1. Kindly indicate the residue of segment 155-213 that is of a type in the set (A, V, I, L, M, F, W, C) and touching a strand residue (DSSP E or B) at 6+ places or on another chain (Cβ under 7 Å) and also surrounded by the most Cβ atoms within 10 Å (Cβ to Cβ) among those meeting that condition.
2. Taking the condition open to solvent by 10 Å² or more (accessible area, probe 1.4 Å), in contact (Cβ under 8 Å) with a residue 40 or more places away in the chain and either away from ligand 2 (no atom under 16 Å from the Cβ) or touching a Cys at 6+ places or on another chain (Cβ under 9 Å) (or both), does residue 229 pass?
3. Residues in segment 79-92: is at least one open to solvent by 40 Å² or more (accessible area, probe 1.4 Å) and acidic (Asp, Glu)?
4. Mind checking which residues of segment 65-78 are modelled with pLDDT of 95 or more, more than 16 Å from ligand 1 (Cβ to nearest atom) and either open to solvent by 30 Å² or more (accessible area, probe 1.4 Å) or not in a loop (DSSP other than H, G, I, E, B) (or both)?
5. Return the only residue of 191, 128 being more than 21 Å from residue 67 (Cα to Cα) and out of contact with any helix residue (DSSP H, G or I) (no Cβ under 9 Å at 6 or more places or on another chain).
6. Quick one: is residue 55 at pLDDT 95 or above and more than 16 Å from the chain's Cα centre (by Cα)?
7. Please count how many residues of segment 39-64 are part of a loop (DSSP other than H, G, I, E, B) and open to solvent by 10 Å² or more (accessible area, probe 1.4 Å).
Amino acid sequence: MTYPTPRPLSVLAVPAFKDNYLWLIHDGVHAAVVDPGDAAPVIAALAAHHLTLTAILLTHHHADHIGGVPELLAHARVPVYGPRAEAIATVGVPLAEGDLVEVPGLALALRVLEVPGHTLGHIAYLRERSGEHWLFCGDTLFAGGCGRLFEGTPEQMRASLARYLALPDDTAVYCAHEYTLSNLRFAAAAEPANALIAQRIATETAKRERGIPTLPSSIGLEKATNPFLRDRQPGIVANLIALGKLDPAAPPQASFAALRTWKNTF
Ligand code: ZN
Ligand code: FE
């Protein structure tokens, strides 16, 4: 007996609000949505692409990531996956570190990483299929930046981002916001000698001018240009000290906190 080859998957960016992306993972027939803060653009995208919703995946409890869930459930009764450590009323399948989600309707398995910092229970979803590594990381890692520390400490966020550093460079990074250009302006200020940042600003600006998302990014690109993954690079540390934003006698972990504090008011 032979089985049909699973249909290949693709990922659609569904813009919402001012700068959110709701990610629709689909095979041309079925679709799962990540962080539907609003239902209307998801329902419109499903209709436009003739897709049937089979699952909802949530990374954390903020309204711009979960607000559309009740209306989507009224439209399609599908399982809702989300962090066990956060109180989200609509979550029917609570998830914790190491869980594997076999997404209904799709040939897609996602591993759960607990990545506290932005919120304490924040999770990310990782696809580890060889040749196709995908990371859905919500508001933890952004292109050129990282999420604000609403609930966690700088140490927690740094440890969460360190887990992403261990992923293959070709891992596609699907973050939840189009913050790339403002993040890269900060990156250039944090590490003025990094020529790759200036190059990336040109590339990403051209995408925005054509109305194209700058996402997904990749772990390799973030390693090269994201100050929050480069917080102990000598150039960044020396710059923080020269600008009076870091005590020269501070321990190494202080540079991440100094970057995050600086970015809050940049
Ligand atoms: Zn958030
Ligand atoms: Fe958000």
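1. In this case the residue turns out to be 175.
2. Yes: the conditions hold for residue 229.
3. no
4. Result: 70, 71, 72, 73, 74, 77.
5. None of the others qualify; the one that does is 128.
6. Yes, satisfied.
7. So the count comes out to 5.
Residue by residue, here is whether (1) within 16 Å of ligand 2 (Cβ to nearest atom); (2) modelled with pLDDT under 95; (3) in contact with an Asp or Glu (Cβ under 8 Å, 6 or more places away or on another chain); (4) farther than 21 Å from residue 31 by Cβ holds:
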| residue | (1), (2), (3), (4) |
| --- | --- |
| 98 | no, no, no, yes |
| 102 | no, no, no, no |
| 109 | no, no, yes, no |
| 113 | no, no, yes, yes |
| 119 | yes, no, yes, yes |
| 126 | no, no, no, no |
| 157 | yes, no, no, yes |
| 164 | no, no, yes, yes |
| 170 | no, no, no, yes |
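The values are calculated or read from the model by the stated rules, or taken from the named source; none is laboratory data. This structure is a prediction, so every number in the text was calculated from the model and none was measured. Glycine also receives a Cβ, built like all others from the backbone with ideal geometry; neighbour counts cover every protein chain displayed. Please note that ligands, DNA and RNA were not included when accessible areas were found on the heavy atoms of the full protein model with its side chains. Shrake-Rupley method; radii C 1.70, N 1.55, O 1.52, S 1.80 Å.
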